[in-house]
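Right, one structure below, let's go through it.
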Amino acid sequence: MELDKNPISAWLQEDDTDRLETLWHAADRVRRENVGDAVHLRGLIEFSNHCQRNCFYCGLRSANKKIRRYRMDLDEIVHCACQAKDLGYGTVVLQSGEDPGCSDHWVASLVRTIKEQTGLAVTLSLGERGRDAFLLWRDAGADRYLMRFETSNAGLYARLHPGAPGLEERFRQLLWLRELGYEVGSGVLVGLPGSTHMDLANDILMFAELDLDMIGIGPWIKHESTPLGRGELQDNTDHKRVAASETMTYKMMALARLACPRSNIPSTTALATINAENGCEHGLRRGANVLMPNMTPAVHRADYEIYPAKACFLESSEQRFRIENIGRYVGTGRGDSPNRDARIATGETL
Ligand code: SAH
């Protein structure tokens, strides 16, 4: 399939269900041929919900005084990582708000301890921290980093992230991660107020340009304690606005798979939140090959409220059955990005 801008935006506007079936099939075939039938499980530990940012969509924003803030200590986090290992996962994902209370050195010792005690692949998702921190954490053993660019529309990005460095800085940080040898993940929100089909088409092209190892795509979910949730964004493009819908999310996942055949693509929690019954399976059949079961201790889970009524994949035999039920199997090992392996083989990285 040609991947210049027009066909992508045409697919994004397609609503004929038969035609969309061909897109789902193409994405599923490309997924199978490039990353196989394994579904890799990543244990997600949301270790702090403190955040210095004020992103217009996110419930963790510092101006939201309605959430109870928490920060897990090192032992508690390492304990969760050990549980992930016991469950047979190959990776833990350590995620937080942008929390200056977690110093660079503290994070480095956390990574080092988890590597020593579990040997698992460690993915970090802590927001923008700068090159020195990324280097320190890489030296401590961190393998991967997730940082979505959220939208490729620089004007919209600036409006949604008041007081933050702009989109260019986000891309600069992603480049540093790549230079330092991390597997690099990014992604976007689907249906942000003010975004258009052309913006989403550009997002897909940007995934390919960044040659991402991991791509996280989820629908924007309204959170009442945020400016977007209160409808506060001045939006003069409303007539062209993209729906934050389930189908639009699948279209973006399928197109991401076609644009980046060897990337690891999760069927996201946000998708499972808007369709608890089978959003997860649909995602896996329309391009995705990764799930992120939630390992955050129950006492903190509800407080990591990026958006309301967040679904959680919890470890259970039922979840594993859901994977097998669609003809797939749970992956073993670290589930590294075949994309990065190929870059290393051709000497394009490090
Ligand atoms: N602080 C880290 C991790 C942020 S939370 C960082 O900045 O990278 C992880 C992701 O949750 C964000 O990248 C964003 O895409 C998503 N998110 C935030 N608010 C959301 C909302 N209201 N609906 C859906 N997804 C949201």
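Side notes on the structure shown:
- FRET efficiency estimate (nearest 0.05) - Cβ-Cβ, residue 329 to residue 247, R0 45 angstrom: 0.95
- Within the listed set 337, 317, 152, the residue fluctuating most in the Gaussian network model of the chain (springs between alpha-carbon atoms under 10 angstrom) is 317.
- Farthest positive-ward along the chain dipole, Cα basis, beta-carbon charges - from 323, 229, 90: 229
- The chain: relative contact order as a whole-number percent, Cα under 8 Å and 6+ apart: 25
- Residue among 105, 187, 314 farthest towards the positive dipole end of the chain, charges placed on Cβ: 105
- Candidates 76, 150, 246: whichever shows maximal mean-square fluctuation once the chain is modelled as a Gaussian network with Cα springs under 10 Å: 76
- In loop segments of the stretch 59-94 as defined by DSSP, the trypsin sites (Lys or Arg not before Pro) with at most 16 further C-beta atoms inside 10 Å of their C-beta are 65, 66, 68, 69.
- Within a Gaussian network of the chain (alpha carbon springs, distance under 10 Å), most fluctuating of 163, 59, 141: 163
- Protection-proxy order for peptides 15-28, 98-111, each taking the mean of Cβ atoms within 10 Å per residue, highest first: 98-111, 15-28
- Overall shape: rounded for the chain, with the ratio a/c of the largest to smallest alpha carbon gyration tensor axis below 1.5.
- When each of the peptides 120-128, 185-193, 276-284 is scored by the mean number of other C-beta atoms lying within 10 Å of its residues, the order from highest to lowest reads 185-193, 120-128, 276-284.
- Dipole in debye (nearest 20) - the stretch 160-217, about Cα centre, beta carbon charges: Lys, Arg +1; Asp, Glu -1: 160
- Between residue 74 and residue 18, the modelled labels are 6.3 nm apart [label points 7 Å from Cα along Cα→Cβ].
- Placing unit charges on the Cβ atoms only, positive for Lys and Arg and negative for Asp and Glu, gives the stretch 1-68 a dipole magnitude near 940 debye about its Cα centre.
- Among 140, 62, 167 - extreme Cα towards positive end, dipole of the chain, charges at beta-carbon: 62
- Note on the chain: antiparallel DSSP beta bridges, both residues inside, total approximately 5 percent of the bridges counted.
- For residue 218, the residues whose amide H sits under 5 Å from its own are 188, 190, ignoring neighbours fewer than 5 places away on the same chain, with H placed 1.01 Å from N.
- Reducing the stretch 1-60 and the stretch 68-89 to their Cα centroids gives an inter-centroid distance of 27 Å.
- For the stretch 1-159, relative contact order (Cα pairs under 8 Å, six or more residues apart, normalised by length) works out to 19 percent.
- For residue 32 and residue 139, the difference between the fully extended length at 0.36 nm per residue and the C-alpha to C-alpha distance is 35.1 nm.
- Table column - 3J(HN,Hα) (Hz), the stretch 300-309, Karplus curve with 6.51, -1.76, 1.60, x for Gly and Pro: 9, 4, 5, 7, 8, 9, 4, 9, x, 6
- J(HN,Hα) series, the stretch 213-218, from Karplus relation 6.51 cos²θ - 1.76 cosθ + 1.60, nearest Hz, glycine and proline x: 8, 9, 9, x, 10, x
- Charge dipole (debye, nearest 20) of the stretch 209-305; +1 at Cβ of Lys and Arg, -1 at Cβ of Asp and Glu: 300
Quick note: the coordinates plus some simple rules give every number you see, no bench work behind them. Predicted model, so just to flag it, every value in this text is computed and none were measured. Because the Cβ atoms are built from the backbone with ideal geometry, glycine has one as well, and the counts that use them run over all protein chains shown.
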